[in-house]
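Okay, structure first, notes after.
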Ligand SMILES: CC(C)(COP(=O)(O)OP(=O)(O)OC[C@H]1O[C@@H](n2cnc3c(N)ncnc32)[C@H](O)[C@@H]1OP(=O)(O)O)[C@@H](O)C(=O)NCCC(=O)NCCS
């Protein structure tokens, strides 16, 4: 091993930042087969941002002035203060020489200093019916003492191939079952009257989604946290489209879904959180909000082509809804976890 140093990625070190981005681009081409359309804006802007609910530190392994790989350590500070989350990437031309394990050991030491005892990282894994993606994660995780604690499936929807007639039929049937509810939409920051209801549902995402053995615990959300998140998205140049559904009699927010379009990324976007409050399940609200938001996406970005999402493989309802509205399975994703105490 050795021959490289591990240094913090400072935003003002332009040469290091460029070579760090080059690692990201190479990994995306190699491990994701260039399927997501490389776009560095989000990574670059995130270097300058500070969240109040989590701290992030980033280091690169550098040799002869060039980054060979890098790791980010994120520690939540508002809830889940036992956790440390890592993102790790090593340039495909510099693998199997100890770069990844040295970066990981460095970040683990720092996480321990910060009082964390549960380390986790998400990684792509190939699945038989999916597209070919990099298959390095399982071996690396095993070698570094991590266990697979949650299996996800990554799905992709090609909006140009959606069966619009079928979608319209699904929409009409679902709407019939959703009597007594109304749709509410917004972009960016949530309006004041929705914030408390949304904050409650954001917190429920941490407890309601299937988590396997991944030790994610209850979260603490309020309107301020949602506003901060919307501000950070705006600074990154992201468009965030929400469709929520309100129970007309009580005025309660019964569910919501969101799609995020990253700054500069014209053909690929991300379907994020979707939740229906357990009190209001069984009215096809999940289908209604997903179709409605997908249609809004096309209004805002008529040339948008691919929507990506991920769900626990055990979340069969959500996966079935996605398949009904045009998604197919792309690859798997595992949450690898290590506990130190
Ligand atoms: C996973 C990754 C970070 C490993 O980086 P790396 O610098 O090659 O890792 P190391 O050289 O430190 O490997 C340490 C050990 O992990 C295991 N390992 C690493 N890659 C492996 C692979 N492709 N297949 C099987 N085992 C592997 C080996 O036991 C290796 O030791 P060895 O080379 O002496 O046999 C890198 O392949 C990568 O960037 N992959 C794509 C991004 C990703 O999946 N990130 C999430 C990782 S959980």
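Nothing in this text is a laboratory measurement; each read-out follows from the coordinates by a stated rule. Values in this document were obtained by computation on a predicted structure and should not be read as measured data. A quick note on method: Cβ atoms are made from the backbone with ideal geometry, for glycine too, and the neighbour counts reach across all protein chains shown.
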Considering only segment 249-341, give the strands (runs of 3 or more DSSP E) lying wholly within it that have at least 3 residues that are within 16 Å of the ligand (Cβ to nearest atom). 327-339
Quick one: count up the residues across segment 19-52 that are loosely packed, with under 13 Cβ neighbours inside 10 Å and either outside any loop (DSSP other than H, G, I, E, B) or within 15 Å of the ligand (Cβ to nearest atom) (or both). 2
Within segment 136-153, identify whether any single residue is surrounded by fewer than 13 Cβ atoms within 10 Å (Cβ to Cβ) and more than 29 Å from residue 97 (Cα to Cα), and answer yes or no. no
Which residue out of 118, 144, 149 is within 8 Å of the ligand (Cβ to nearest atom) and under 25 Å from the mean Cα position of the chain (by Cα)? 144
All positions within segment 87-101 that are buried (at least 21 other Cβ atoms within 10 Å of the Cβ) and either more than 7 Å from the ligand (Cβ to nearest atom) or assigned to a helix (DSSP H, G or I) (or both): 91, 99, 100
For residue 72, state whether it is within 14 Å of the ligand (Cβ to nearest atom), surrounded by 16 or more Cβ atoms within 10 Å (Cβ to Cβ) and under 15 Å from residue 110 (Cβ atoms). yes
